[in-house]
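As structure tokens, the structure follows; a few thoughts come after it.
The values are calculated or read from the model by the stated rules, or taken from the named source; none is laboratory data. Since the structure is predicted, the reported quantities are computational estimates derived from the model, not experimental observations. Cβ placement follows ideal geometry from the backbone for every residue including glycine, while neighbour counts extend to all protein chains displayed. Only protein heavy atoms, including side chains, enter the accessible area calculation; ligands, DNA and RNA are left aside. Shrake-Rupley method; radii C 1.70, N 1.55, O 1.52, S 1.80 Å.
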Amino acid sequence: MRRRPVLAAAVAVIGALALAGCGDSDSGSDSGSNSAASGAELSVDAAYIPQPVSDSMAAGFLTITNEGDAADELTSVTSEAGEVTVHETVDGTMKEVDRLEVPAHGQLVFKSGGNHLMFEKLKQQPKQGQSVAVELHFAHSDPVTVKLPVKAATYQPTTGHSGHSEDSGH
């Protein structure tokens, strides 16, 4: 049925990842040559976790920006802090999904009341002032590691979720 296109895509991704591994060894950047082979140029900002009220669950928010010419997909998120699943909210209904698109020249936004990361089976409750590291896995690009600072439970971001990347300082 659809096995041949999927197999061909998998071979192409493996080849692209192998070529990307031969390039620039500067892994300190969220964008650049690491994801250039896929056509996506990914960066992450506006990342945070509100101080959770539960010992075992928390939510995480961030914005993934793709300045490249090709779309990519977030396929999973991992963390040593606990299990992480990706949820989307459509018409007020939350559901776990196995992938979300990061459009070319666009953003995938995780915000309160919308798409979000769900942390479950936490090894310890994150406290305000700490940060939780996650690794974002994509269909075509290399994984990106992000630290999500733990903010006050009432924290409301003023930048990063509106499509503007400049920090107004307010």
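Using a 1.4 Å probe, how large is the accessible area of residue 86, given in Å² and rounded to the nearest 10?
10 Å²
FRET efficiency for residue 151 and residue 97, Cβ-Cβ distance as r, R0 = 22 Å, nearest 0.05?
Once rounded, the FRET efficiency stands at 0.35.
Restricting everything to alpha-carbon atoms, can you work out Rg to Rh for the stretch 42-138 with a Kirkwood hydrodynamic radius?
0.96
May I ask you to list the lysines whose Cα is less than 21 Å away from that of residue 123, ignoring any residue fewer than eight positions away on the same chain?
147, 151
Compute, for residue 45, the solvent-accessible surface of its heavy atoms (probe 1.4 Å) with the complete set of protein chains present, and express it in square angstrom to the nearest 10.
60 Å²
If I model a spin label at residue 139 and residue 105 as a point 7 Å from the Cα along the Cα→Cβ vector, what separation in nanometres do I get?
Here the modelled spin labels are 2.0 nm apart.
Per the 1.4 Å probe, what fraction of the accessible area of the stretch 35-123, in percent, lies on carbon and sulfur atoms?
In the stretch 35-123, the share of accessible area belonging to carbon and sulfur is 47 percent.
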